[in-house]
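This report refers to the structure that appears directly beneath it.
Since every read-out is calculated from the coordinates, none of them should be taken as a lab result. Everything quoted here is computed from the prediction, not taken from an experiment. With ideal geometry, Cβ positions are generated from the backbone for all residues, glycine too; neighbour counts draw on all protein chains shown.
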Amino acid sequence: MTDLPYRLNVGAALFNADGRVFIGRRAGLPEDGPGSWQMPQGGIDPGEDPATAVFRELREEIGTDKADIIAEHPGWLNYDIPANAVRPAFRGKFRGQSQKWFALRFTGDDSDIALDRDHHPEFTAWRWAELAELPALVVAFKRQVYESVVREFDKYARG
């Protein structure tokens, strides 16, 4: 599996005015099972720059891109998909994802968030959460990435 490349991806740590971050409960998983919550993320289209991709992903996954970028993680963060999930997750083309994470300040109202604007919703529910609690909520193979995001963007969690 190590000979497979990583899929390029973006992640959005979307902070509200209170310094809490948006998380969504992933569709297709048990309501409060392990790894059922995550921040918005998604693939980068060919020729698309990461900043453009993060706004597109916000529109697709949460129905709004009312946000301003306030920071960018300095590096790309990689995670590997467990070997038994590589084929279903990426049709066997990728070993995992290489992500560029952004911290964004939400400029809209909660009523702007609409999980059902896409034909195949990514999330079934959402809430504002404390940034520090996220590593315990995500699937285990993404935990290191989330820990790095928390360290890098912690200063924005203070409002």
Calculated semi-axes √(5λ) of the Cα gyration tensor in Å (choose from (1) 23, 17, 16; (2) 27, 18, 14; (3) 21, 20, 18), label: (1)
Degrees, to the nearest 10: 143-153 long Cα axis against longest axis of the chain: 30 degrees
Antiparallel bridge percentage (DSSP; both residues within region 6-158; nearest 5): 65 percent
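Give me the net charge of residue 53's neighbourhood, meaning all other residues with Cβ under 13 Å from the Cβ of residue 53; Lys, Arg count +1, Asp, Glu -1.
Working: positive: 7, 56, 59, 100; negative: 45, 48, 49, 57, 60, 61, 65, 72.
Surrounding charge for residue 53 is -4.
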Neighbour cut-off at most 11 other Cβ (10 Å), DSSP loop, trypsin sites (Lys or Arg not before Pro), region 89-159: 91, 93
Calculated FRET value between residue 60 and residue 3, using beta carbons and R₀ = 41 Å, to 0.05: 0.85
Exposure proxy order (Cβ contacts within 10 Å, fewest to most) of 119, 73: 119, 73
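Please state the shape class of region 24-78: rounded when a/c is under 1.5, otherwise prolate if a/b exceeds b/c and oblate if not, all from the C-alpha gyration tensor.
On the way: a/c = 1.94, a/b = 1.64, b/c = 1.18.
Verdict is prolate for region 24-78.
Taking the Cα centre of the chain as origin, sum charge times position over the Cβ atoms of Lys and Arg (+1) and Asp and Glu (-1), and report the length of that vector in debye to the nearest 20. Before the final figure, lay out the partial values.
On the way: 20 positive and 25 negative charges, 99 e Å.
Dipole size: approximately 480 debye.
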Residues with amide H under 5 Å from that of residue 44, placed H, sequence gap 5 or more: 8, 9, 10
Estimated 222 nm signal from helices in the chain, with DSSP H stretches of n ≥ 4 weighted -39500 (n - 2.57), rounded to 500: -5500 deg cm²/dmol
Sequence-distant residues sharing a close amide H with residue 72 (under 5 Å, placed H): 103
Region 36-142, relative contact order [Cα under 8 Å, separation at least 6], %: 34 percent
For peptides 5-17, 46-58, sequence by mean Cβ density within 10 Å, most packed first: 5-17, 46-58
Rounded to 10°, Cα long-axis angle of helix 50-62 versus longest principal axis of the chain: 80 degrees
